[in-house]
Amino acid sequence: MTLREAIRGLGENPLYRLERRRQWRGMRPSLLVLGLLCCACGHSLAFVLAPAFAAMAVLQDKRSRLWEDLLLTRLASEEIVVATLAAALQIPAILLTVQAALVLLALIGGLWHTDAGTSWQECLFRLVVMLPALVTGAVAAASFLVVGGLIGIRAGLHFGDALGGVASAILGTLAAGVLTVAAGILTMPRMVSPIQALAPPRGLLLSPVWSVELRAAMSLEMALLALLNALLASLLWRACVRAVRPASS
């Protein structure tokens, strides 16, 4: 079974419905607190929750003997991995979307109030100039969220205890993020200096110079990070699919 076929049949997958209900039932009492923490701590919390949820889902199934029953069904290994991943990423993806919406609203407000005499056409133009960097950044974040979920599934298949599985999933996700960002920085286009890219001077963020130079560089940087995450996700996907059956035999 291919990945496209597994995703197409996700709505009819009984494991996906089971994992989705379990995730939301377990998170319902603390969902508001997590949302507030996500708004306060930024997007980092969602990237930590993704591997933790995925690892716990596999470990709970293994502990309750449900994992052995799953392997006796007609579900393919790809369907099991897709269902577990999709259910584990729902809540982190929602938290990340809320955080992105708040950042976008703050960005629009900053554009509007940057210059007292700036017209709305100029503000709209500056926002359009930012779109490539925003879109590529969203794609890079989504791809890294998938990477974290796959690392969590692989850790849950490898470890037998919850502490080892969750801890290794989170540490593995952080290590993958550091390596990906380091690889992206080393290959970053030399259109601007890294110091200027990480901390542009006050007022430069919304200036036309930043729009032409730094935004183009950051768009390419985010696209490169998304590509690296996609390559890593493809490798992790194959590792998870191959480990599903042997892990329970």
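The values are calculated or read from the model by the stated rules, or taken from the named source; none is laboratory data. Quick caveat, the model's predicted, so the values are computed rather than measured. When we count neighbours, we look across all protein chains shown, and the Cβ atoms used for this are built from the backbone with ideal geometry, even at glycine.
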Q | Matching entry among Ala230, Ala175, Ala239 (being modelled with pLDDT of 90 or more, small (Gly, Ala, Ser), more than 14 Å from the chain's Cα centre (by Cα) and within 22 Å of Val82 (Cβ to Cβ)) | A | Ala239
Q: Output the residues belonging to the range 64-110 that are free of Cβ contacts under 8 Å to residues at least 12 places away in the same chain and assigned to a helix (DSSP H, G or I).
A: Leu66, Asp69, Leu72, Ile94, Thr97, Ala101, Val103, Leu105, Ala106, Gly109
Q | Matching residues in the range 58-87 - criterion: being modelled with pLDDT under 90 and buried (at least 22 other Cβ atoms within 10 Å of the Cβ) | A | Asp61
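Being touching a Pro at 6+ places or on another chain (Cβ under 8 Å), surrounded by 14 or more Cβ atoms within 10 Å (Cβ to Cβ) and modelled with pLDDT under 85 narrows it down to one residue among Leu34, Leu95, Leu49; which is it? Walk me through it before giving the result.
On the way: Leu34 fails: touching a Pro at 6+ places or on another chain (Cβ under 8 Å); Leu95 fails: touching a Pro at 6+ places or on another chain (Cβ under 8 Å).
Leu49 is the lone residue from the list that is touching a Pro at 6+ places or on another chain (Cβ under 8 Å), surrounded by 14 or more Cβ atoms within 10 Å (Cβ to Cβ) and modelled with pLDDT under 85.
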(Q) Looking at Arg25 and the list (1) within 29 Å of Ala140 (Cβ to Cβ); (2) modelled with pLDDT under 85; (3) of a type outside the set (S, T, N, Q), which single condition is not satisfied? (A) (1)
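Could we say that Gly164 is among the small types (Gly, Ala, Ser), out of contact with any Ser or Thr (no Cβ under 6 Å at 6 or more places or on another chain) and over 21 Å from Val82 (Cα atoms) here?
Working: among the small types (Gly, Ala, Ser): yes; out of contact with any Ser or Thr (no Cβ under 6 Å at 6 or more places or on another chain): yes; over 21 Å from Val82 (Cα atoms): yes.
Yes.
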